[in-house]
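Engineer: I am attaching a structure below and will ask some questions about it afterwards.
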Amino acid sequence: MIDGINTIINLNFVLLKIIAIMKKMLIPFALIVLAFAGCSDDKAKQEAQEKEQEKTALNEVIKIHDDVMGKEDHLMRNKMKTDTILTPGPLNTKYTVVEKVTISAVRSKLMAADEAMSKWMQDFDAELKGKTHEEKMKYYAGQKKAVTRIDSLFGVVIEGSDKYLKEIQK
Amino acid sequence: MLWGACKFNDEITRLPIAGNRDVATKVVNGQTVTDTVYQTIPDFKTVNQYGDSIKSVNLDDNIYVADFFFTTCPSICPVMHRNMLKVYEEFKDMPDLKIVSYTIDPKHDSVAVLKKYADKLGIEGNRWWFLQGKKEDIYKLSSNYLVTFPVEDAKEKFIHDGFFILIDKQKRIRGQYDGTQPDSVQKLINDIKILKAEPEQK
């Protein structure tokens, strides 16, 4: 019986030792857990921020794309007018050789602008699967510049073709 | 574009008819009568996602909904076609209703590309055609669909504005809807039901 009591006392002693050790470890352990939780929190915040930046950057590109598409009607209508002028027929004979050569050049410029936009749309990748945040932001910045150049090109060729088509109107 | 349906003398609710109109006179049973002749969608030459030739005649005796898109469109087209799917699903069992989507980028949107696009949307059979034609022809055709209505509405419509256009069996324009807006698409669905109830559309 005394052995049993001694065993219980020893066990209690061990238990108390374990509790004391755990108590000593508790705060550092809690600090580690909090640190990790804090890190995860920060990481989640950072990811959310990056997604928002990517969304903004993509929307900026799409907006310019939409602006260009809005001009596409005008470009195509002017291109079709040049087609009509250059197609052999009663209208075609009303224009001088110089006018037809110039209209042909105007038509080529309209087609080149249209082709540039068509190619840009085919090549544009809105999703960028597997790319890092930095790669995505760099890509969107590059595409914004590219589509802005095409937007300017559209403006120039439409204005030029409007002007010339009005000048030679019969 | 919200048009109210109208009740005419025969008390049937009918949708208005859009586009240009002319007055024509004709002799019927010895009497001269005047009739209104409405603008209709002209003939066109296209190819669908199966490589089949599709012209206006292939839509005879069908009510149909038309739109203009291209497969690489990153902005409004995905929204439009998600909404068009609702129209497709709603009228899956109506044999005389079709949907036609004309691509405005035929250079990239080949028959194979259109088929892949249709497959991705889950479109089978001949209820919804994705059509490819010469770009200039499609743009010219679009001006027949994208009329301003009412005529007094000064805002011009553009091919890439996301419109759905409802065409009756006589190839007249009966409605225009913003394909990017769910409530406008719901109105289209309601208007198709009204149109189908008109005697000339049975």
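The values are calculated or read from the model by the stated rules, or taken from the named source; none is laboratory data. Being a predicted model, the structure only gives us computed values, none of them experimental. Please note: Cβ atoms are built from the backbone with ideal geometry, for glycine as well, and neighbour counts cover all protein chains shown.
Engineer: Consider residue A:100 carefully, then state whether it is in a helix (DSSP H, G or I), more than 30 Å from residue A:56 (Cβ to Cβ), within 14 Å of another protein chain (Cβ to nearest Cβ) and of a type in the set (Lys, Arg).
Structural biologist: Criteria not met by residue A:100.
So that you can scan it fast, the table gives a plain yes or no per residue for (1) outside any helix (DSSP H, G or I); (2) within 30 Å of residue B:113 (Cα to Cα); (3) in contact with a strand residue (DSSP E or B) (Cβ under 7 Å, 6 or more places away or on another chain); (4) among the aliphatic types (A, V, I, L, M):
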| site | (1), (2), (3), (4) |
| --- | --- |
| A:106 | no, no, no, yes |
| A:117 | no, yes, no, yes |
| A:163 | no, no, no, no |
| A:169 | yes, no, no, no |
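Each row is one residue, and each column tells you yes or no for (1) over 13 Å from the mean Cα position of the chain (by Cα); (2) more than 22 Å from residue A:71 (Cα to Cα); (3) outside any helix (DSSP H, G or I).
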position: A:128; (1), (2), (3): no, yes, yes
position: A:136; (1), (2), (3): no, yes, no
position: A:145; (1), (2), (3): no, no, no
position: A:153; (1), (2), (3): yes, no, no
position: A:156; (1), (2), (3): yes, no, no
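Engineer: So which pairs qualify, if the first residue must be in the stretch A:49-71 and assigned to a helix (DSSP H, G or I), the second must be of a type in the set (Lys, Arg), the Cβ gap must be under 6 Å, and the two must be at least 6 apart or on different chains?
Structural biologist: What qualifies is A:54/A:136; A:60/A:144; A:61/A:144.
Engineer: Right, another one. Regarding residue A:78, is this residue surrounded by fewer than 14 Cβ atoms within 10 Å (Cβ to Cβ) and either within 14 Å of chain B (Cβ to nearest Cβ) or in contact with a helix residue (DSSP H, G or I) (Cβ under 8 Å, 6 or more places away or on another chain) (or both)?
Structural biologist: no
Engineer: When you scan the stretch A:85-94, do you find a residue that is loosely packed, with under 11 Cβ neighbours inside 10 Å, out of contact with any helix residue (DSSP H, G or I) (no Cβ under 9 Å at 6 or more places or on another chain) and within 14 Å of chain B (Cβ to nearest Cβ), even just one?
Structural biologist: yes
Engineer: A further question follows. Tally up the residues in the stretch B:159-193 that are surrounded by 18 or more Cβ atoms within 10 Å (Cβ to Cβ) and either of a type in the set (A, V, I, L, M) or over 15 Å from the mean Cα position of the chain (by Cα) (or both), please.
Structural biologist: The qualifying residues number 9.
Engineer: Can you name the residue in the stretch B:8-24 that is aliphatic (A, V, I, L, M) and at pLDDT below 80 and, of all such residues, is farthest from residue B:63 (Cα to Cα)?
Structural biologist: B:24
Engineer: Out of the stretch A:34-44, which residues are hydrophobic (A, V, I, L, M, F, W, C) and modelled with pLDDT under 70?
Structural biologist: Residues satisfying the conditions are A:34, A:35, A:36, A:37, A:39.
Engineer: Here's something else I'd like to know. Tally the residues that are within 14 Å of chain A (Cβ to nearest Cβ) and in contact with a Gly (Cβ under 6 Å, 6 or more places away or on another chain), restricting the search to the stretch B:48-83.
Structural biologist: Summing the residues that are within 14 Å of chain A (Cβ to nearest Cβ) and in contact with a Gly (Cβ under 6 Å, 6 or more places away or on another chain) in the stretch B:48-83 gives 2.
Engineer: Restricting the first residue to the stretch A:115-128 and requiring it to be at the interface with chain B (Cβ under 9 Å from one of its Cβ atoms), which pairs with a second residue that is in a loop (DSSP other than H, G, I, E, B) and of a type in the set (Ser, Thr, Tyr) meet a Cβ separation below 6 Å and a spacing of at least six or different chains?
Structural biologist: Once the first residue is at the interface with chain B (Cβ under 9 Å from one of its Cβ atoms) and sits in the stretch A:115-128, its partners that are in a loop (DSSP other than H, G, I, E, B) and of a type in the set (Ser, Thr, Tyr) give A:121/B:72; A:122/B:72.
Engineer: Now a separate question. In the list A:112, A:30, which residue meets the criterion of being in a helix (DSSP H, G or I), within 14 Å of chain B (Cβ to nearest Cβ) and small (Gly, Ala, Ser)?
Structural biologist: A:112
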